[in-house]
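The values are calculated or read from the model by the stated rules, or taken from the named source; none is laboratory data. Just so it is clear, the structure is predicted and the values come from calculations on it, not from any experiment. When we count neighbours, we look across all protein chains shown, and the Cβ atoms used for this are built from the backbone with ideal geometry, even at glycine.
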Amino acid sequence: MKTRTGRNRREMIVLGVIFAALFLLPLLNNNTFRLQQYEYIVAVTLVAIGLNIVVGYAGQLVLGPGGIFGIAGYAAAVFANDHPSDADLILLCLLGLVAASVAGLIIGAPALRVGGFYLGMATLAIAVIVPSVASVMNLTGASTGISLLSNLEFSPKLGGVGLYELCVGVLVIAAVWSWLLLHSRVGHRFQALANSEDLAASLGVIGFRTKLLAFVLSAWPAGVGAAIYVYTQQFFVPDSADPNLSIYVLAACIIGGVGSVLGPILGSLVVFGINEFLGGLAQWQDIVFGVLLAGFAILCPEGIVGLIDGTGTRTLTLPPALDPRRLLNTRRTAVDHGEVTPRRHRAPATTPVTLDAELAPSSRETPSLNVSRVSKTFGAVRAVDDVSLTVAPGTVHALIGSNGSGKTTVLNLISGFYRIDGGQITLGEARLDRMSAGRVAHLGIARTFQAPKLILRQTLLENVAGAASIQGGGHDLGSVLRTPAGIRAARHANEVARDALEETGLGDFAHELVARLPHGLRRLGEVARALAVSPSLLLLDEPAAGLTHSELESLDAVIRRAAARGTGVLLVEHNVPFVFRLAEEITVLHLGQVISTGTPEQIRGDDAVAEAFLGSQRELIGDVVPPPAGRISSVVKEAGRG
Amino acid sequence: MDRIVINAIIAGLAVGGVYGLIAIGYTVVYNGTRIFNLAQGTLFMLGVMLSYFCLDKEHWPQWLSIIVVLAGVAAVSLIEEAVIVRPFLKRRGEGIGWFIATLAFATIIQAIVIRLYGDHPPEPVPSPLPSSPIFIGFVHFTWQQVLTLGAFVAVCVLLFWFYKVTWVGQAMRATAADREVAMLRGIDVRRISQLAFLIAGLAAGIGGYVVAPIVFSDPSIGLNYAILGFIALALGGFGSMRGAIVGALGLGVVEQVYDVYGNASYETAVSVVLLIVVLLIRPTGVFGSLKAREV
């Protein structure tokens, strides 16, 4: 547990120091004016914590947190002005939270339909019109805003240092909540989405719903911050939600480091601290912040936190043990000396047998996959033409063919990434071709991607455990609040992930950041992630490409064991000897059509296959010891092109 | 139809022309670089402020002022390309940094302009045109409106010609269609990116110069126009010139017709509501087919 835990602990310590300093701040200076300034900083720091949830955790481009802040602030101020005797801090906070949630839903739902920079521009537009509309509406006090100071009936029960400490208490709660959220299955969903929408969909995450959840959750701290602003500053005017606020909060998140719990808090204290306490800078302030914002966005996307950690810099040096040259040497020795026992990776045979129970398809009965007469056209290209195949539970079915023959397209059709143009795809009774990718994943269909889609800034274990927790049982709320059931589910996900890593021979690298791993290990990591969700059907997209000899051995064993547990495996692969050793049944695609189906022996004897696909290199199929993957696949590719 | 409404429609087309010049800037840059340049509104503001500087402060003649304004805005646009955008073009597909970087650039430019302008209210910018309105029957409009719409139409025609006829324009279209294939074909994508920012800068400069007499010297208008230009695009459909033109003119007309019946203070709010409604009903806009998802 070195890399990641050390990082977490450091983050906790810095947060602890910051909060302690904030609690002790009144010792320095406790006149009313200063306290109000501190309370203002607490309020906007809450907004930054919120923005980080949607931008940092879920990777959605929101630029206008000030819009929600403004709406919630006016809601709280109008209420406090109309019901001055009822307006205590807790009620206002609740009101702010509700107003922010409602506004979040109304703004988020349309803006997220397109997503991307549409979301950024739409939220920015809201941030611009909230103060401009408020400055002409009578309800919000028009251009003079709402002043609770001039409302003689409004007499806050709290004040002075006590109020300030309470505000800091709220900030601590928000930070803890943000941490719990990040490390829950909800947070895992967000991070999968931030990393790649395809990855998230393959794990059963419904994109729109998850983005909207992130957006609404990000509104919560902003709403509470707005209520604290109203209660402590005792006014809310159009300038309180100036569009510049949005840009400062965004700057705070980016400068501090988006995606971590600490980053936005640190950044907010820096940005708003300078804003409030360095008056001399005022005239240069926007220029300085602009330059800092651009500089961090371009040069150091992980902010100050990333700088401290050293993960912000892009140079990913491999630790000596992972030097690719050494892995290369390992392979050469293995081939040269005819050695079969892999050196660096745990031999699959030594893995404990108890694994089987953990990774077996969970109590779902395992039906067959049926692809029947499926077609898919892209423009004028008929990429998949009348393809049928069946994958029975517990068998390995391989799909081979030259580049562009439609193998991956078939995989994408099955897993719901593309819509079919004709035919049908079923798993038992379920019509997969009518489902979105997320729904398909819910049926226990796991897939890997040709280009590994692991989250680079997480460890291998975090990646796999995250997937397991997203797909595993348990309740979202329980997971965030760490109820006993939630903790059990998290622990179980961790165990399953560990087992999956052990089984793929990656146990030694569990705590290594993915960014530091060489390509072959990432590819195996993809397989481990797919296994960790106990799939009933496993779709593997060229898992063997670029693997070393020993890694190939691991992969071979892993696939065999998955099949032995009853999982159906559909294997798309260029490494022909690997396929012929492993598969019970092989389907050969050529230009989108099935030219042959059968057992390896039948395919071996099929003249059409030899003619169209393998050319004069037929003798290679007979190889028992797999030659290096690169060579054979390039031979096959060339044959396919010819 | 009521004559007030007809006059509002004419005024709307002129206002739409302004949005259109910004929307075209977005489109040209996006097609050339796959980047949505948030600073487009700020470049427009720069055009307005430079016009104010040349015409009101320095009393330079119109022809010299036009050259200075266009050169100035185009230069800043090219600086943005070099400093902000190029680092992101080198490493493709990395998160949301580029978007924030263009916002940061807009903030910097605006802060510098405010600093140079000083803290005083907006001032009028002298117009070369007669201020008396033109009457045709009961319809009336101003020379200023003719100039605005004329400038927009001229820019559109020039761009269509450029894209369709010239070799460079065709290369830009190829880049827009498929960046990788364009590169394989030997198109220098970096030059295309510079060219896109040059064209967008010129469009913003023309817009700023033409509208300066109406909007006055207000250095804070950048963000507003950035948003209105975006709404125009979202209405018309992102990525196509046709969408940008129709969306911009449509938005201008809706806005001006609304002003006849409603409270003009809510003008921008109405545009935003329109945006939300369109996103709910037809997220890709009227002519849109393009998924604006690759960030």
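Regarding segment A:442-463, can at least one residue be identified that is at pLDDT 90 or above, in the same structural domain as A:L570 (by TED's automatic domain parsing) and small (G, A, S)? The answer is yes; a qualifying residue exists.
Among the conditions (1) part of a strand (DSSP E or B); (2) without any contact (Cβ under 8 Å) to a residue 40 or more places away in the chain, the only one that A:A398 does not satisfy is (2). Evaluate the following for B:F230: is it at pLDDT below 90 and within 13 Å of B:L275 (Cβ to Cβ)? So B:F230 fails the test. Scan segment B:269-287 for residues that are part of a loop (DSSP other than H, G, I, E, B), touching a Leu at 6+ places or on another chain (Cβ under 7 Å) and not β-branched (V, I, T) and jot them down. If the condition is that a residue be part of a loop (DSSP other than H, G, I, E, B), touching a Leu at 6+ places or on another chain (Cβ under 7 Å) and not β-branched (V, I, T), then B:G285 is the only one that fits.
One line per residue, one yes/no per condition, for (1) under 12 Å from B:A200 (Cβ atoms); (2) of a type in the set (G, A, S); (3) out of contact with any helix residue (DSSP H, G or I) (no Cβ under 6 Å at 6 or more places or on another chain); (4) at pLDDT 95 or above:
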site	(1), (2), (3), (4)
B:L55	no, no, no, no
B:P61	no, no, yes, no
B:E94	no, no, yes, no
B:A101	no, yes, no, no
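Restricting attention to segment A:413-471 and to residues that are assigned to a strand (DSSP E or B) and among the small types (G, A, S), the residue that is farthest from A:L399 (Cα to Cα) turns out to be A:A430. Among what's in segment A:170-184 and is out of contact with any Leu (no Cβ under 8 Å at 6 or more places or on another chain) and more than 14 Å from A:I18 (Cβ to Cβ), pick the residue that is surrounded by the fewest Cβ atoms within 10 Å (Cβ to Cβ). That would be A:I173.
Quick one: in segment B:264-290, which of the residues that are more than 20 Å from the chain's Cα centre (by Cα) and at the interface with another protein chain (Cβ under 7 Å from one of its Cβ atoms) is surrounded by the most Cβ atoms within 10 Å (Cβ to Cβ)? So, considering only residues that are more than 20 Å from the chain's Cα centre (by Cα) and at the interface with another protein chain (Cβ under 7 Å from one of its Cβ atoms), the one surrounded by the most Cβ atoms within 10 Å (Cβ to Cβ) is B:L279. When segment A:464-501 is filtered for residues that are in contact with a Lys or Arg (Cβ under 6 Å, 6 or more places away or on another chain) and within 21 Å of A:S178 (Cβ to Cβ), the ones remaining, listed by number, are A:S469, A:I470, A:S479.
Taking first residues from segment B:19-38 that are away from chain A (no Cβ under 14 Å) and partners that are of a type in the set (G, A, S) and surrounded by fewer than 24 Cβ atoms within 10 Å (Cβ to Cβ), the Cβ contacts under 8 Å between residues at least 6 apart in sequence or on separate chains come to B:L21/B:A151; B:N31/B:A176; B:N31/B:G239; B:G32/B:A176; B:G32/B:S193.
Answer yes if at least one residue in segment B:251-260 is without any contact (Cβ under 8 Å) to a residue 24 or more places away in the chain, more than 9 Å from chain A (Cβ to nearest Cβ) and not acidic (D, E), and no otherwise.
For segment B:251-260, residues without any contact (Cβ under 8 Å) to a residue 24 or more places away in the chain, more than 9 Å from chain A (Cβ to nearest Cβ) and not acidic (D, E): present.
Taking the stated definitions as given, is A:L63 crowded, with 19+ Cβ neighbours inside 10 Å, touching a residue at least 12 places away in the same chain (Cβ under 8 Å) and in contact with a Pro (Cβ under 6 Å, 6 or more places away or on another chain)? Considered against the rule, which asks whether it is crowded, with 19+ Cβ neighbours inside 10 Å, touching a residue at least 12 places away in the same chain (Cβ under 8 Å) and in contact with a Pro (Cβ under 6 Å, 6 or more places away or on another chain), A:L63 comes out as no.
When B:F135 is tested against the conditions (1) away from chain A (no Cβ under 14 Å); (2) of a type in the set (A, V, I, L, M, F, W, C); (3) part of a helix (DSSP H, G or I), the lone failure is (3). Taking first residues from segment A:247-264 that are touching a residue at least 12 places away in the same chain (Cβ under 8 Å) and partners that are among the β-branched types (V, I, T) and surrounded by fewer than 24 Cβ atoms within 10 Å (Cβ to Cβ), the Cβ contacts under 6 Å between residues at least 6 apart in sequence or on separate chains come to A:G256/A:I304; A:G257/A:I304; A:L262/A:V14.
Has segment A:576-594 got any residue that is of a type in the set (D, E), more than 17 Å from A:A528 (Cα to Cα) and touching a helix residue (DSSP H, G or I) at 6+ places or on another chain (Cβ under 6 Å)?
no
Every residue in segment B:214-223 that is crowded, with 22+ Cβ neighbours inside 10 Å and more than 20 Å from A:A122 (Cβ to Cβ), please. Of everything in segment B:214-223, those that are crowded, with 22+ Cβ neighbours inside 10 Å and more than 20 Å from A:A122 (Cβ to Cβ) turn out to be B:S217, B:P219.
State whether the residues of segment B:50-65 include one that is more than 17 Å from B:G201 (Cα to Cα), away from chain A (no Cβ under 12 Å) and touching a Lys or Arg at 6+ places or on another chain (Cβ under 9 Å). Within segment B:50-65, not a single residue is more than 17 Å from B:G201 (Cα to Cα), away from chain A (no Cβ under 12 Å) and touching a Lys or Arg at 6+ places or on another chain (Cβ under 9 Å).
Has segment A:539-555 got any residue that is within 20 Å of A:T366 (Cβ to Cβ) and either in a helix (DSSP H, G or I) or modelled with pLDDT of 90 or more (or both)? For segment A:539-555, residues within 20 Å of A:T366 (Cβ to Cβ) and either in a helix (DSSP H, G or I) or modelled with pLDDT of 90 or more (or both): present. The set of residues in segment B:146-205 that are of a type in the set (S, T, N, Q) and in a helix (DSSP H, G or I) comprises B:T148, B:Q170, B:T175, B:S193, B:Q194.
Restricting segment A:111-125 to residues that are more than 7 Å from every other protein chain (Cβ to nearest Cβ) and out of contact with any Phe, Trp or Tyr (no Cβ under 7 Å at 6 or more places or on another chain), the residue that is modelled with the highest pLDDT is A:T123. As a summary of the residue check, B:A226 satisfies the conditions (1) away from chain A (no Cβ under 14 Å); (2) buried (at least 24 other Cβ atoms within 10 Å of the Cβ) except for the one numbered (1).
For segment A:135-145, the count of residues that are at pLDDT 85 or above, within 30 Å of A:V55 (Cβ to Cβ), away from chain B (no Cβ under 13 Å) and out of contact with any Cys (no Cβ under 9 Å at 6 or more places or on another chain) is at least one.
Among the listed residues A:V305, A:V271, A:V230, A:V288, identify the single one that is away from chain B (no Cβ under 12 Å) and farther than 30 Å from A:M12 by Cβ. Result: A:V230 is the single residue among A:V305, A:V271, A:V230, A:V288 that is away from chain B (no Cβ under 12 Å) and farther than 30 Å from A:M12 by Cβ. Whether a residue is surrounded by fewer than 24 Cβ atoms within 10 Å (Cβ to Cβ) and touching a residue at least 40 places away in the same chain (Cβ under 8 Å) was assessed, and A:P110 does not pass this test.
Just one of the numbered conditions (1) in a helix (DSSP H, G or I); (2) surrounded by 17 or more Cβ atoms within 10 Å (Cβ to Cβ); (3) of a type outside the set (S, T, Y) is not true of A:F154; which one? Result: A:F154 fails condition (1) only. Report yes if some residue within segment B:28-37 is at pLDDT 90 or above, outside any helix (DSSP H, G or I), polar (S, T, N, Q) and closer than 26 Å to B:A232 by Cβ; otherwise report no. So far as segment B:28-37 goes, yes, one or more of its residues are at pLDDT 90 or above, outside any helix (DSSP H, G or I), polar (S, T, N, Q) and closer than 26 Å to B:A232 by Cβ.
For the residues A:L180, A:L166, the requirement of being touching a residue at least 12 places away in the same chain (Cβ under 8 Å), under 26 Å from the mean Cα position of the chain (by Cα) and not in a loop (DSSP other than H, G, I, E, B) singles out A:L180.
Selection over segment A:360-416 of residues that are modelled with pLDDT of 85 or more and on the phi > 0 side of the Ramachandran plot gives a count of 6. Of all residues in segment B:231-270, those that are of a type in the set (G, A, S), in contact with a Phe, Trp or Tyr (Cβ under 9 Å, 6 or more places away or on another chain) and closer than 23 Å to A:T123 by Cβ total 9.
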